[in-house]
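Some notes on the structure that comes next.
The values are calculated or read from the model by the stated rules, or taken from the named source; none is laboratory data. Nothing here was measured: the structure is a model prediction, and the numbers come from that model. Please note: Cβ atoms are built from the backbone with ideal geometry, for glycine as well, and neighbour counts cover all protein chains shown. Protein only, heavy atoms only, side chains kept; ligands, DNA and RNA dropped before computing areas. Shrake-Rupley method; radii C 1.70, N 1.55, O 1.52, S 1.80 Å.
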Protein chains: 2
Amino acid sequence: MDPLSATYAALADPTRRAILARLAQGEATVGDLAGPFAISAPAITKHLRVLTRAGLISQRRDRQFRPCRIDAEPLKLAADWTLQYRELWEGRLDRLDKYLQELQKKKPASASPSATTTNRKSKKD
Amino acid sequence: MDPLSATYAALADPTRRAILARLAQGEATVGDLAGPFAISAPAITKHLRVLTRAGLISQRRDRQFRPCRIDAEPLKLAADWTLQYRELWEGRLDRLDKYLQELQKKKPASASPSATTTNRKSKKD
């Protein structure tokens with residue numbers, strides 16, 4: 001699997017995203033990580049393996065512990081790929097803005113909705 | 001699958017990312033898309049299904065054609081999630097910058113590496 005696909009595949013799971021969010025605060029051991037998620041240590045270990053393969057985390061040995069730390073570089077590359085299309089979502093908002101401004105311009109400054117209704121009514125009468 | 005996981009899972013494939021890159025240029029039919037990728041129309045259709053389920057594209061009916069268009073909103077959410085961690089990768093670059101500046105300061109302005117070597121050599125002699 002190419003590195004960018006591996007990163008996105010690793011991010012495609014809410015537990016793995018939560019693990020990264022926790023590691024963004026600082027190093028943590030498998031035990032530290034298993035606690036708040038109420039899932040087994042082996043399940044955590046499996047998630048950590050996916051994150052490690054994607055280069056999103058690394059583990060160092062500290063006596064009997066193997067604390068994990070986040071490696072942010074693949075996140076940067078994942079962000080960069082999506083940000084190529086920023087214009088598409090910003091363009092859509094710009095067009096909506098323009099449309100709302102046009103609507104605003106079309107409405108005469110002094111006329112309130114009720115005044116318009118009254119005018120139309122008097123014309124009809 | 002939660003929406004963000006579905007988006008990342010859809011992005012975890014180079015052909016699907018290439019389809020999105022093509023659709024960012026404008027609408028395209030399955031036929032238009034199958035051409036440059038040299039993969040079968042059924043394979044393209046399968047990829048389009050994954051992209052549709054993630055809300056990344058939509059298809060409209062135009063007589064016998066069903067042109068696809070990109071929907072950028074999920075890409076924005078995918079970008080937003082990764083950008084939460086921007087500080088981590090920018091912080092690392094800042095620290096590298098500071099380290100290089102410190103190295104620069106420690107090096108006396110007049111001393112060149114060859115001058116240092118000569119000094120050391122003459123001391124030994």
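Annotations
- Dipole orientation for segment B:37-93: of the candidates B:37, B:78, B:54, B:37 has the Cα lying most toward the positive pole (charges on Cβ; Lys, Arg +1; Asp, Glu -1).
- Using the Cβ-Cβ distance between residue A:83 and residue A:105 with R0 set to 41 Å, the FRET efficiency works out to roughly 0.80.
- Set of segment B:37-54 residues, backbone N closer than 19 Å to the point 7 Å along the Cα-Cβ line of residue B:66: B:39-54
- Label sites at residue A:53 and residue B:40, each approximated as a point 7 angstrom past Cα along Cα to Cβ, lie 2.7 nm apart.
- Total accessible surface hidden between B and A, rounded to 100 Å², 1.4 Å probe: 2500 Å²
- Per residue accessible area of segment B:1-99, 1.4 Å probe, in Å²: 56 Å²
- Here the accessible area of segment A:25-73 is 52 percent carbon and sulfur, with a 1.4 angstrom probe and all protein chains present.
- The order of A:95, B:22 by accessible area, most exposed first and with a 1.4 Å probe, is A:95, B:22.
- Around the amide H of residue A:29, modelled in the peptide plane, lie the amide H atoms of A:68, all under 5 Å away and 5 or more residues distant in sequence or on another chain.
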